[in-house]
Amino acid sequence: QVQLVESGGGLVQPGGSLRLSCAGSGFTFSTYTMNWYRQAPGKERELVATITSAGASTSYVDSVKGRFTISRDNAKNTVSLQMNSLTPEDTAVYYCNAWYKDWRGLKNYWGQGTQVTVSS
C-alpha cells in the first residue's frame with residue numbers, strides 16, 4: 001500500500017543539473033519528514049537532505065550544501081531534490097525516504113531508488 005516512487009535520475013555531465021522527484025502514496029505524507037539518501041557502490045548509504053513535515057526546516061550533508069535543494073509539495077504528496085553543479089562523486093542511487101515516529105513506534109518507508117550518473 002505504501003509507495004515511494006522516485007524519478008528524474010539519469011546521466012549528466014559534470015557541472016550539470018538534475019531534479020529528482022518522489023511521489024508518495026498510502027500514508028499521510030504531510031505528517032512525515034522526508035529525506036533523500038544516496039548510496040554509491042562500495043559505500044555506506046548516506047543521508048543527503050532532509051525536510052520537515054511542513055517544509056519549515058531543511059538540512060544537508062556538507063558535501064552538497066550550496067548545490068542541492070530539497071523541497072516538498074504536500075498538496076501533491078511529492079518531495080524533490082534539485083541537484084546543481086554535479087560532480088562524479090555525486091554518482092549514486094538516490095533513495096526517497098519517509099520518516100515518522102509516534103507512540104506506535106517508528107515508520108520508515110523507502111523508495112526503489114533512481115540512478116544518478118555524473119560522467120567524467
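Short-range pairs are left out: with C-alpha atoms under 8 Å and at least six residues apart, the relative contact order of the chain is 35 percent. Taking every protein chain into account, the 1.4 Å probe leaves SER57 with about 60 Å² of accessible area, to the nearest ten.
Take the alpha carbon atoms of segment 47-108, find their radius of gyration, then divide it by 2.2 N^0.38 Å using N residues; give the quotient.
On the way: Rg = 13.1 Å, N = 62, 2.2 N^0.38 = 10.6 Å.
The reported ratio for this selection is 1.24.
Evaluating 6.51 cos²θ - 1.76 cosθ + 1.60 at θ = phi - 60° for every residue in segment 68-80, the Karplus couplings come out as 10, 9, 9, 8, 9, 10, 5, 5, 10, 6, 10, 10, 10 Hz, glycine and proline recorded as x. Springs between alpha-carbon atoms under 10 Å, Gaussian network over the chain: tell me which of ARG72, ARG45, ARG104 tops the mean-square fluctuations. Of the options given, ARG104 has the highest mean-square fluctuation.
Evaluating 6.51 cos²θ - 1.76 cosθ + 1.60 at θ = phi - 60° for every residue in segment 103-118, the Karplus couplings come out as 4, 6, x, 9, 10, 8, 10, 10, x, 7, x, 9, 7, 10, 10, 9 Hz, glycine and proline recorded as x.
Put LEU106, LEU47 in order of accessible area, highest first, and with a 1.4 Å probe you get LEU106, LEU47.
Test of the criteria: in segment 1-53, which GluC sites (Glu not before Pro) are in a DSSP loop and have at most 12 other Cβ atoms within 10 angstrom of their Cβ? Within segment 1-53, the qualifying GluC sites (Glu not before Pro) (loop, at most 12 other Cβ atoms within 10 Å) are GLU44. With every protein chain in place and a 1.4 angstrom probe, the accessible-area ranking of TYR94, TYR100, largest first, reads TYR100, TYR94.
Of the listed residues ARG67, ARG19, the order by accessible area with a 1.4 Å probe, largest first, is ARG19, ARG67.
In order along segment 20-37, phi translates into HN-Hα couplings of 8, 10, 9, 10, x, 7, x, 8, 7, 3, 5, 9, 9, 5, 10, 9, 10, 10 Hz, rounded to whole numbers, per the Karplus curve 6.51 cos²θ - 1.76 cosθ + 1.60 with θ = phi - 60° and x for Gly and Pro.
Any chance you could run the full-extension gain for GLN115 through THR52? It's 0.36 nm times the residue separation minus the Cα-Cα distance, nm to one decimal. Display every interim value, and only then the final one.
Details: separation 63, 0.36 × 63 = 22.68 nm, distance 2.44 nm.
Extra length from GLN115 to THR52 when fully extended: 20.2 nm.
The values are calculated or read from the model by the stated rules, or taken from the named source; none is laboratory data. Remember, predicted model here, so these are calculated numbers, not experimental data. Virtual Cβ from ideal backbone geometry, glycine too; neighbours counted across all protein chains shown. Surface areas here come from the heavy atoms of the whole protein model, side chains and all, with no ligands, DNA or RNA. Shrake-Rupley method; radii C 1.70, N 1.55, O 1.52, S 1.80 Å.
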